[in-house]
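The values are calculated or read from the model by the stated rules, or taken from the named source; none is laboratory data. Only a predicted model underlies this, so the values are computations on that prediction, with no experimental measurement involved. Cβ coordinates were reconstructed from backbone atoms using ideal geometry, including for glycine residues, and neighbour counts include every protein chain displayed.
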Amino acid sequence: MTPEKKRARSLEEKSFRRQQILDAASALFAEVGYEGFSVALLASKAGIVKGTLYLYFKTREEVFLALYDQSLNRWSEKFIQQLPESLQDRAFCELLYETAFGDPLYVPLQARLEKVIEHNVSLDCLLLSKRNFLQEVDRLAAASADVLRLRNEQALEVIKTLGVLIVGVAGADLAPSLDGEEIPEDVQHLLASFSSRPIFVKNAERIIQGVRSD
């Protein structure tokens, strides 16, 4: 373990230290995944003792919730930046999928958010996260309304529903990896049809069309 870093005292120092911990947590998640992640490993990765870590995050799930908030902000910003003035429904769905699943943290943490992570955090942390979520959903809906030729309330419904769909299809990619194996063509087609991308894009397009026609 690296030597313990000097204790942060000012608000600026504490904010900087908190972000250092989250940067270390992001790197650790990439190395060991959700199940292998622990407070002890994070403290070692960040170069601090567990007691110092608990000054910033009371539980492992509070770390995950903070990482989720950052990943949501990062993904929504990237999606909005890449969104042109006009886009066909399918292309919109493909862009949303690629940017969401392209973030190393957003989908893995979103899939566990309501079932696990939010059950072991303080109320204050939960409220801050929910407000951040509402803000980002509003931004995504506002950016998508004209592109999809929807009213603002319709765009909000689409974004919320597609968020749920992302969680639903994420599990489709959890099957054992068969890379390098000789797989019969019929089984290859079966596996491809159940991968998250085609399921998401097809159903997301239907959702947009259904909301528009309502």
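Residue under question is THR99, and the condition is that it be assigned by TED's automatic domain parsing to the domain that holds VAL137 and out of contact with any Leu (no Cβ under 9 Å at 6 or more places or on another chain); does it hold?
So THR99 fits the description; yes.
Check off (1) in contact (Cβ under 8 Å) with a residue 12 or more places away in the chain; (2) closer than 28 Å to GLY168 by Cα for GLU35 and give me the number that stays unchecked.
(1)
Would you check which residues across the range 3-32 are assigned to a helix (DSSP H, G or I), at pLDDT below 95 and surrounded by fewer than 13 Cβ atoms within 10 Å (Cβ to Cβ) and list them?
LEU11, GLU12, GLU13, SER15, PHE16
Checking GLU85 against (1) within 12 Å of the chain's Cα centre (by Cα); (2) more than 19 Å from ILE21 (Cβ to Cβ); (3) not in a helix (DSSP H, G or I): exactly one of these is not met. Which one?
(1)
If ILE48 satisfies all but one of (1) in a helix (DSSP H, G or I); (2) buried (at least 17 other Cβ atoms within 10 Å of the Cβ); (3) not assigned by TED's automatic domain parsing to the domain that holds LEU134, what's the number of the condition it fails?
The single condition ILE48 does not satisfy is (1).
With respect to GLU85, determine if the residue is acidic (Asp, Glu) and in the same structural domain as GLU118 (by TED's automatic domain parsing).
yes
Tell me which of these LEU113 doesn't satisfy, since it passes every other one: (1) under 10 Å from the mean Cα position of the chain (by Cα); (2) assigned to a helix (DSSP H, G or I).
Failing condition for LEU113: (2).
Matching residues to (1) closer than 22 Å to LEU72 by Cα; (2) modelled with pLDDT of 80 or more; (3) touching a Pro at 6+ places or on another chain (Cβ under 7 Å):
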{"position": "ARG151", "(1), (2), (3)": "no, yes, no"}
{"position": "GLU157", "(1), (2), (3)": "yes, yes, no"}
{"position": "VAL164", "(1), (2), (3)": "yes, yes, no"}
{"position": "GLU181", "(1), (2), (3)": "no, no, no"}
{"position": "LYS202", "(1), (2), (3)": "no, yes, no"}
{"position": "ARG212", "(1), (2), (3)": "no, yes, no"}
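Among the candidates LEU96, LEU113, LEU72, which residue alone is surrounded by fewer than 21 Cβ atoms within 10 Å (Cβ to Cβ) and either at pLDDT 95 or above or not aromatic (Phe, Trp, Tyr) (or both)?
LEU113
With the requirement that a residue be surrounded by fewer than 18 Cβ atoms within 10 Å (Cβ to Cβ), in contact (Cβ under 8 Å) with a residue 12 or more places away in the chain, in a helix (DSSP H, G or I) and not aliphatic (A, V, I, L, M), what does the range 141-153 give you?
Across the range 141-153, the qualifying residue is only ASP146.
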